[in-house]
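Below is one structure, written out as structure tokens, with a few remarks after it.
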Amino acid sequence: MSFRYELFTFDQLDTQTLYEILAHRFQVFVLEQGNIYRDLDYFDQKALHLVARGEDGEIAGYVRLLPAELHYDGYQENSFGRLSVKETARGQGLGGELVRRACAWLIENGGSPTVRISAMAYLEKFYRDLGFTSQSDIFDKEGVPHMTMLSAPTRRRPDGR
């Protein structure tokens, strides 16, 4: 399956796309994973929203990007969250591609050469395989075991990019 990627500021989201994003996050985190958490946390308005649509036009994956100055945990680094892939799109590399695209955008535009995340603990290997290292012990975040992970700094090319 191929995916089409779109990046939006909150103000660029039309009501249909915003509704689809919120429905997607509810489906993955609440219905599939059983996590009851405060999804509407007032950071959507400040964040960027990376959406992956499948060939049918439906949202297959999503991630919320938070440049360093916006992160709600007070990180000095860029961050992302709400990474989610629809059940029918799993196993196709979409989650990894969303992480790679999120990190590339954040490192290029977010004011920090690294990305720090609060990852669900069960996804530690997934993130390690994408170049992240554990930075904390496991801690509880809204009833879900998490850990802090940090991406390796990117190397700049000789032209500074």
Given (1) modelled with pLDDT of 95 or more; (2) in contact with a helix residue (DSSP H, G or I) (Cβ under 7 Å, 6 or more places away or on another chain); (3) among the hydroxyl-bearing types (Ser, Thr, Tyr), index of the condition TYR19 fails: (2)
Among the residues listed as GLY96, GLY110, GLY74, the single one being small (Gly, Ala, Ser), modelled with pLDDT under 95 and surrounded by 14 or more Cβ atoms within 10 Å (Cβ to Cβ): GLY110
One residue from SER84, SER79 being surrounded by 12 or more Cβ atoms within 10 Å (Cβ to Cβ), under 27 Å from LEU150 (Cβ atoms), of a type in the set (S, T, N, Q) and at pLDDT 95 or above: SER84
Strands (runs of 3 or more DSSP E) enclosed by region 83-153 - at least 1 residues per element that are under 25 Å from ILE36 (Cα atoms), touching a His at 6+ places or on another chain (Cβ under 9 Å) and in contact (Cβ under 8 Å) with a residue 12 or more places away in the chain: 116-120
Among the candidates ILE36, ILE117, ILE59, ILE107, residue that is in contact with an Asp or Glu (Cβ under 6 Å, 6 or more places away or on another chain) and among the β-branched types (Val, Ile, Thr): ILE59
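Considering only region 118-140, I want to know if a residue exists there that is closer than 17 Å to LEU48 by Cα and buried (at least 16 other Cβ atoms within 10 Å of the Cβ).
Kept after step one, since they are closer than 17 Å to LEU48 by Cα, are these residues of region 118-140: none.
Taking every residue of region 118-140 in turn, none turns out to be closer than 17 Å to LEU48 by Cα and buried (at least 16 other Cβ atoms within 10 Å of the Cβ).
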Single residue of region 8-64 satisfying the filter (assigned to a helix (DSSP H, G or I) and touching a residue at least 40 places away in the same chain (Cβ under 8 Å)) that is most open to solvent (accessible area, probe 1.4 Å): GLN27
Among (1) at pLDDT below 95; (2) open to solvent by 50 Å² or more (accessible area, probe 1.4 Å), the one test that TYR5 misses: (1)
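The values are calculated or read from the model by the stated rules, or taken from the named source; none is laboratory data. Since the model is a prediction, treat every value here as computed from it, not as a measurement. Heads up, the Cβs are rebuilt from the backbone with ideal geometry, glycines too, and the neighbour counts pull from every protein chain shown. These accessible areas exclude ligands, DNA and RNA; they are computed on the full protein's heavy atoms, side chains included. Shrake-Rupley method; radii C 1.70, N 1.55, O 1.52, S 1.80 Å.
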